[in-house]
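Derivation of every value follows stated rules applied to the coordinates shown; laboratory data play no part. Treat the numbers as computed from the prediction; the structure is a model and nothing was measured. In this analysis, Cβ positions are derived from the backbone assuming ideal geometry, glycine residues included, and neighbour counts consider all displayed protein chains.
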Amino acid sequence: MDNSLEIYSGREIIYTNTGHWLYPLFDLEIFLEEENLNIDGLILKDKIAGRAAASIISYLGFKKVHIGLLSKLGLDVFNKYNVEITWDKLIDRVKCKTESILEGIDSIEEVYTILKKRAGLFHGLEINCRELTCGYSNIPVLENISLTLNEGDTLILRGDNGSGKTTLLKSIGKLLPIINGQIVFKKNSEEYSLHKGEIGYLDQSRNSKNMPILVKEIMESTADVLGLKGEDKQYQIDISLRRTGAIDLKDKLYYELSGGERQRVNLARLICQKARVFLLDEPTTFLDSNGIETLTNLLKDIHKRERPTIIIASHDREFIKSLGWGTVFIQNKEIQY
Amino acid sequence: MLPPIQKGLLALLVAAIVLPVCGIPLVEQNLLPLRLMLMHGALFAGSLAIYTGISSTLLIVIINTFFVIIITWLGDKKQIDFGRISSFFMISSLGGAAILTHLGSASSQSILSILWGSPYLLTLPEIIFFFFWSILVLTLFYIFRSRLKLFLFDSLLAKSLGINTKVMNYLINIFIGITVAVSMKLLGALLVDVLLILPVVLAGFWKKGQNFYYKLSIVLGLILVVTGSFGSLKYDLPVSGVMAVAGSGFFLILLIFKEKK
């Protein structure tokens, strides 16, 4: 086996990767998504696998795997997830720091998250609001609030109408000038200068116009503004729409879509613009129960995979409960934990 | 030197392309009061032109641009409703026009002729100016088409993508304002109304996206011009009237047979 990682469909090699550490597996994840392949019929061959690689392979859903050099910890993982495994050589453990970091962690999702963060593939930004006062026309709606979210964190803002949820979201999204204080974005603990589109803002109520615009036109215009061109642009649009199950809506008029379909498109747009921070203002407005379920599942999935930092303003109790993310309450111009 | 009819037809064909393109943001942003305000602004500027002896085209452009900047600024800074500010300017400019007409002892007919315009009486410099101005407007619309689409679709979304929506708003209003003001002087108010609004409203019956919307609006504008011009020449009727009647008839047919419940 010349390549580190090989994927077979029958006897045909459909993917190879000679990268280091766990990166070939994270690349493979993207490849599988792009190609929309049925993983059941595929065979994965890798040179070496410890517990970390075994966890990712199992997480991706492979059922037939051959490993050159396999650790016993890795074998345990494969067996736990009923993966049909063969190997050339079995060893006690792979000498790698990652193996020891994962000790005592049972959940495969948790292992995946830890590894993705170690790989630097977390998309989200750290957000620090320091003694922030924000409002409209210099009239404060929120005063002296401090709030910190780590990279890839999630937070739900609760509060009555007019309490300042939208004001805070818009201030973080730089859509409203702040009156006092600071909002600092960080990546890997260093201050980060935002690029175009890295903050994605969704406001369901504003998208109710009956303007005849196609989904693909929204996506293409977004990609144009961000400077994407040619094949790159089409690739990014297609992968984003596929990612949220909105690819079939591409040629439809936006305003003719149901609430749930609109949210699929909106989230695809945020993925297309490679938003590192998702700010969602009352995203369940106008959604029926099916739409809310779809949105919940999509948000959970996006957060699990891309790990953006997500802040949602909502007072929809069912939605908040089903997401199961941390909440804060905004009242009397301040945040109550 | 082109004969008057060919010059007029040329100006109308250019207008049939540029006016529907300006009409889409006007309709989508519900800026119809702006158009009415521009018409009243043209009346005031016309009266001032007669009173002072300065070129009416120049005054129409300057005064209407000033009005557009003021109402855009008031709407942006003070959040005042567009319709209310436009109403103020409509009434005040009409009042100003009445005073100037009286002071200048000008006949109301000569003032109103500004609104009716006459494409067949255009001078070559007027046609050349209109042609280059239209080229500039169309080029800007084309270059900034993606930004414009997003801005018209959802200005907050546009802002979140780094588009300067405040500048965009000013530019759209100013460019549309000047185009409409110039066209009004050269072609007449009714012709501008017909070419600015009707093709867009008609194209709106076929909902196939923004690119199609723009293309169909232009095609319908050209059809209206050709129909109006030939109708006008054949039956010796005013071109704007023929276009308005033909377009309205088409609108009625579509409303009955194509509008969904």
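Report relative contact order for chain A in percent, whole number only (criteria: Cα-Cα under 8 Å, sequence separation at least 6).
Reported as a whole number, the value is 16 percent.
State to the nearest 20 debye the size of the charge dipole of the protein assembly as shown about its Cα centre, where the only charges are +1 on K and R beta carbons and -1 on D and E beta carbons.
840 debye
Can you tell which of A:Leu25, A:Ser58, A:Gly74 lies farthest toward the positive end of the dipole of segment A:7-85, using +1 and -1 charges on the Cβ of basic and acidic side chains (Lys, Arg; Asp, Glu)?
Of A:Leu25, A:Ser58, A:Gly74, it is A:Gly74.
May I have the pair-distance distribution P(r) for chain A, computed from all Cα-Cα distances with 20 Å bins from 0 and rounded to whole percent?
All Cα pairs, binned at 20 Å, distribute as 28, 53, 19, 1 percent.
How high is the FRET efficiency between A:Asn188 and A:Gln336 when r is their beta carbon distance and R₀ equals 45 Å, given to the nearest 0.05?
Efficiency at R0 = 45 Å is approximately 0.90.
Once you charge only the Cβ atoms, +1 for Lys and Arg and -1 for Asp and Glu, what is the size of the charge dipole of chain A about its Cα centre, to the nearest 20 debye?
My answer is approximately 400 debye.
What number does the protein assembly as shown give for Rg over Rh if you use C-alpha atoms and the Kirkwood radius?
1.10
Counting only other chains, what is the mean number of Cβ atoms within 10 angstrom of the Cβ of each residue in peptide A:219-228?
Per-residue shielding by partner chains comes out at 4.
Need one number: nm distance between label points at A:His315 and B:Phe257, each 7 Å from Cα along Cα→Cβ, rounded to one decimal.
Going by the 7 Å Cα→Cβ label model, 5.1 nm.
Which value, in debye to the nearest 20, describes the size of the charge dipole of chain B about its Cα centre when Lys and Arg Cβ atoms bear +1, Asp and Glu Cβ atoms bear -1, and nothing else is charged?
Its charge dipole is roughly 740 debye.
Contact order normalised by length for chain B, with contacts defined as Cα pairs under 8 Å and 6 or more residues apart; what percent is it?
29 percent
Please report A:Ile67, B:Ile253 as a ranked list, fewest other C-beta atoms within 10 angstrom at the top and most at the bottom.
Neighbour counts put them in this order, fewest first: B:Ile253, A:Ile67.
Which whole-number percent is the relative contact order of segment A:196-337 (Cα, under 8 Å, 6+ apart)?
Taking the mean separation of contacting Cα pairs over the length of segment A:196-337, I get 28 percent.
Just subtract the alpha-carbon distance of A:Ser107 and A:Asn161 from 0.36 nm times their residue separation and send over the number in nm, one decimal.
Gain on stretching A:Ser107 to A:Asn161: 15.6 nm.
Test of understanding: what is the full-extension gain from A:Gln234 to A:Lys117, defined as 0.36 nm times their sequence separation minus their Cα-Cα distance?
That pair, A:Gln234 and A:Lys117, stretches by 39.3 nm at full extension.
Compute the signed sum of charges (Lys and Arg +1, Asp and Glu -1) over the other residues within less than 15 Å, Cβ to Cβ, of B:Gly241.
-1
222 nm [θ] for the protein assembly as shown, helices only, -39500 (n - 2.57) per DSSP H run of 4+, per residue, to 500?
Helix-only estimate at 222 nm: -18500 deg cm²/dmol.
Between B:Ser107 and A:Ile30, what FRET efficiency comes out of the Förster formula 1/(1 + (r/R0)^6) with R0 = 60 Å and r the beta carbon distance, rounded to 0.05?
0.20
So for B:Lys166, B:Lys258, fewest C-beta neighbours within 10 Å to most, what's the order?
Ranked by crowding around the Cβ, least crowded first: B:Lys258, B:Lys166.
Arrange the peptides A:324-335, A:164-175 so that the one whose residues have, on average, the most other Cβ atoms within 10 Å appears first.
A:164-175, A:324-335
Using the charge dipole of the protein assembly as shown (Lys, Arg: +1 at Cβ; Asp, Glu: -1 at Cβ; taken about the Cα centre), state which of A:Gln336, A:Thr222, A:Ile271 has its Cα farthest towards the positive end.
Projecting each Cα onto the dipole axis, the largest value belongs to A:Thr222.
Along the Cα→Cβ direction, 7 angstrom out, place labels at B:Phe144 and A:Asn180. What is the inter-label distance in nm?
About 3.7 nm separates the two model spin labels.
Hey, got the average number of other protein chain Cβ atoms within 10 angstrom for residues in B:69-77?
Mean partner-chain Cβ count within 10 Å for B:69-77: 0.
Average partner chain C-beta neighbours within 10 Å, per residue of B:147-153?
Other-chain Cβ atoms within 10 Å of each residue's Cβ, averaged: 5.
In which sequence would A:Asp232, B:Asp154 go, from the one with the fewest C-beta neighbours within 10 Å to the one with the most?
So the residues, fewest neighbours to most, are A:Asp232, B:Asp154.
Full-extension gain between A:Thr16 and A:Tyr136, please, as 0.36 nm times their residue separation minus the C-alpha to C-alpha distance.
Full extension of this stretch gives 37.7 nm more.
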